[in-house]
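One structure is given below, encoded as C-alpha cells.
The values are calculated or read from the model by the stated rules, or taken from the named source; none is laboratory data. Just so we're clear, the structure is a prediction, and the values are computed from it rather than from any experiment. Positions of Cβ are generated from backbone atoms using ideal geometry, with glycine treated the same way; all protein chains shown enter the neighbour counts. Quick note on the areas: whole protein, heavy atoms, side chains included, nothing else; ligands and nucleic acids left out. Shrake-Rupley method; radii C 1.70, N 1.55, O 1.52, S 1.80 Å.
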Amino acid sequence: MVENDIATAVDADRLQAISNRILAEESGALMEWSCHSIGPRVNNFVTGGVFRISGTSRIREGAYRAWSVIVKVVREDPQRDDPAHYNYWRREIMVYDSGLLRNLPANLVAPQCYAIDGQVDGSVWLWLEDIPHEPRTWEWDDYRYAAGKLGEFHAAYLLGEPLPEAPWLNKQWMRSWIRECIRYRDALDPQTKAILISDRRTDSLIQRFTRLEDSIREWLQVLERLPRTFSHQDVYEQNIMLDAAREEEGKLAVIDWQFASVSGIGEDLGRFLGLAVSRGHVPIDRFGEYRELIISSYISGLKRAGWDGDETLPRIGCLAAFALRSVWEAPKLLKKMAEHPDSTEWERLFSVVEHQLEAASEVERLLADRRRNHDAS
C-alpha cells in the first residue's frame, strides 16, 4: 500500500476520533493532516506498509494542538494462517487486542494501540502510538543498555512473572523459522558445488555448515528445553526506540511485536546479535568484541533482576540462535559466489557466516561440557 492509497482510504471521522483520544480531548476538531510512509522498502510478507499520519486539531477556546499516529497495515495471508507459523499474519493484531503489552515488566515499553480496524480488502489497520525516539547511529553503550534491559525483561518471567498463554503465541518460533528457510532457500546443483569446494576456505565453510545442518534436530530440542520466557524475536536497532530521557528512567521502548513468542533464555538475544551483524550495524572486524558485550550485558541484566541460574544456558541460547541464522545465510552466500565468482560483494557475508559457524562450534563445546558434567554427577 502506498501513501496515496492509505490517504484516500482514511475516514475523516475515524481519524478525528483517534486524534481526540491521543490528545485526551472529547471535542477536538480535525483541521489538517498528512500521511507519509515510514516503513522499510521491503516489508514483512504480512505487512502492507507502515505510515505516520500527522495533523493539527482545534481544541477548547480556539487553541490548536499537533498530534501524530502510526498506522501499520497488516495483510491477510492464507499461506501464514496457522498460529504455529513464526509469521502468523494475525499475531500482532491479537497481541495488541489482548492487552498483553500494556504493562510489561522491567520497564519495557510497547506502543499504545488506539484502535484496530478491519478493512474491506481483508487487511487490518493497527493505529499505534508514535513513540518519540532519537534516529541516530547506534554506539557501544546503546548495545550494552539494550541487551541489559532485554536480560531484565526475560528475568522477570524466569523468576515467576506468569508466561502469557494464548493459542496465537508461538512456542516453537525457531523450529518454524528454520522450516520456512529450508522451504524457500536456493539449493546448489552438484556441478556448482564442485566448483566452489575447489577453494579451500569455501570447502571448509561448506563442511562446517553441513555438520551444523546435521545437528539442527538436536539443537531445536535443546532450545525448546531451555528455561522459557516471553520473547520478542525481532529485537534489533530498527525496532528499538532509543531515547535519552527514557534511558534515564530505566526504560526501553520496543516496537513490532509480530514475532512474539515464548522461547528459551538467550534465544531473543541471538536474533538481536544476528540481525545487528547481518544488517551491517556492527562492524565485522570488531564482531568478537560486540558479541561478548551483548552477551555479558544480557547476563548482567538477568542478574540485576535477581536471576542466579547457570550462565551457560543464556550463552547456549544466544549462540545457537545466532548460529542457526546460517541455515538461511549460508545458501544465500553460496548462490552469490556461484553467480558472481569475481565479485567481492559477498566477502562481508562470507565473514558473517564464518562467525555463525564459529558460534556453532562453541555451542557444541558447551553442550559436550554439560553432557560430561551430567555424566560425572
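Rolling a 1.4 Å probe over the protein heavy atoms leaves LEU15 with an accessible area of roughly 0 Å².
Across region 261-377, Cα-Cα pairs farther apart than 22 Å form 40% of the total. Tell me, how many Å apart are the Cα centres for region 289-323 and for region 147-224? Cα centroid to Cα centroid, the span is 18 Å. Taking Cα atoms only, the orientation of helix 200-225 departs from the longest principal axis of the chain by about 60 degrees.
Here the Kirkwood formula puts the hydrodynamic radius of the chain at 22.5 Å, using every distinct Cα pair. Could you please report the charge total around GLN258, scoring K, R as +1 and D, E as -1 over all other residues with beta-carbon less than 15 angstrom from its beta-carbon? Charge balance in the 15 Å sphere: -4. Taking a Cβ cut-off of under 13 Å around LYS336, the surrounding Lys, Arg, Asp and Glu residues balance to a net charge of -2, with basic ones at +1 and acidic ones at -1. Protein-only accessible surface at a 1.4 angstrom probe places the residues TYR86, TYR298, TYR184 in the order TYR184, TYR86, TYR298, largest first. The listed residues ASP13, ASP5, once ranked by accessible area (1.4 Å probe) with the largest placed first, stand as ASP13, ASP5. The residues packed around PHE322, meaning those with a beta-carbon under 12 Å from its beta-carbon, carry a net charge of -1 if Lys and Arg are +1 and Asp and Glu are -1. The residues of the chain present an accessible area of 48 Å² per residue when probed at 1.4 Å with all protein chains retained. The tail of the calculated P(r) for region 153-246, taken as Cα-Cα distances beyond 21 Å, holds 57 percent of the pairs. Residue order by solvent-accessible surface for MET31, MET241, MET94 is MET31, MET94, MET241, largest first, with ligands and nucleic acids left out and a 1.4 Å probe. In deg cm²/dmol and to the nearest 500, what is the mean residue ellipticity at 222 nm of the chain if only DSSP H runs of at least 4 residues count, each as -39500 (n - 2.57), divided by the residue total? Result for the chain: -15500 deg cm²/dmol, rounded to the nearest 500. Over 27 Å apart at the Cα level, from the set LYS72/LYS171; LYS72/LYS303; LYS149/LYS171; LYS171/LYS303, are LYS72/LYS303.
Note on the chain: with neighbouring protein chains present and a 1.4 Å probe, carbon and sulfur make up 47 percent of its accessible heavy-atom surface.
Note on region 292-358: Cα-only Rg and Dmax are 16.5, 53 Å.
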